[in-house]
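Where a number appears in this text, it was derived from the coordinates with a stated rule and is not lab data. Bear in mind the structure is a predicted one, so any value in this text is a computation, not a measurement. Please note: Cβ atoms are built from the backbone with ideal geometry, for glycine as well, and neighbour counts cover all protein chains shown.
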Amino acid sequence: MTAPTSPDIAVANVAPPVRAGVWRRLLGRPLALIGLFFIAITLAGALFAPWLTPFDPNDQMFDGLTIEGAPMPPGGQFLLGTDLLGRDLLTRILYGARTSLIIGIAANGTALIIGTLVGVVAGFFRGWIGAILMRFTDLMMAFPALLLAICLAAVFQPSLWIVAMVIALVNWVQTARVIFTETSSLAEREFIAAERTLGAGTGRILFRHILPHLVPTIIVWGTLGISTTVLLEATLSYLGVGVQPPTPSWGNIIFENQTYFQAAPWLVFFPGMAILALALGFNLVGDALRDILDPTQRGRD
């Protein structure tokens, strides 16, 4: 039998890592549609906040309090009520969505890049390089993510970008472990061995064959990771080591109003539901993408 004359022939029968019709199949899943709805509503609220509400998120308004000085309940001029300082709660939640999305996308994107780089290098080259990288990854995984994030955030002056950096530094390890496993499996495949036999260089193998096959995993892990990032940001802000007031964040909104919860439950309920909706939205979409992009699910839709 004549050997293939081109490395492309050796992988001609390999299924493409991302199949056509993903968007159509995603829209055909009811739970995914619910997730997309939650994400779209949050994104629209964050982008169009100045046009959706006439108030400034930090304006303390005298007409935002009752005669007794208590927060106004939902309804009328203030759809979701006001907080202890007379600020419109809907306005602060919409602007808080900006904080969550900016940190969620920035931190998760950075963690995804770091984790993918570490996982690919360790899984493809292996040897002492892979051993060092994976032992360091295991060491980072040994620390509870929330505790490590609190410690790192406390060292620096908390700000939006510092919080994003801290979350990225504690979240990349899970991505690295998943990508390492996938890359190690791909590196042992027959089509990769054929590529090496035919003289393909490391760069060609990595960028033409390894990375494209990792795209589904990266997409799914990146989507699911945003929900984790949103929850971690809200937790850090609630604990006082995240985004600092007066910048609106769903976490610090809950913290500022928790003492008045029994008398004005909407102060905690509405921002809590916003956190739940956004995190649930990304989880639902991520789960659907995982099922769609998983080769073992072929033909089940």
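Structural remarks
- Legend: P(r) of segment 207-301 from all alpha carbon pair distances, 5 Å bins from 0, whole percents, reading 2, 13, 17, 16, 13, 10, 9, 7, 6, 4, 1, 0, 0.
- Extent along principal axes [Cα atoms of segment 27-175; Å; largest to smallest]: 71, 46, 21
- The distance linking segment 116-173 with segment 210-256 is 15 Å (Cα centroid to Cα centroid, whole angstrom).
- Sorted peptide list for 159-172, 61-74, 260-273, 225-238, criterion being average Cβ within 10 angstrom, highest first: 225-238, 159-172, 260-273, 61-74
- Judged by the mean number of other Cβ atoms found within 10 Å, the most tightly packed of the peptides 126-137, 246-257, 280-291 leads the ranking 246-257, 280-291, 126-137.
- Gained length - I34 relative to E188, 0.36 nm times residue gap less alpha-carbon distance: 51.5 nm
- If you model the chain as an ellipsoid using its alpha carbon gyration tensor, with each semi-axis the square root of five times an eigenvalue, the axes come out at 46, 22, 13 Å, biggest first.
- For segment 123-173, the Kirkwood estimate of hydrodynamic radius, built from reciprocal distances between every pair of different alpha carbons, is 12.1 Å.
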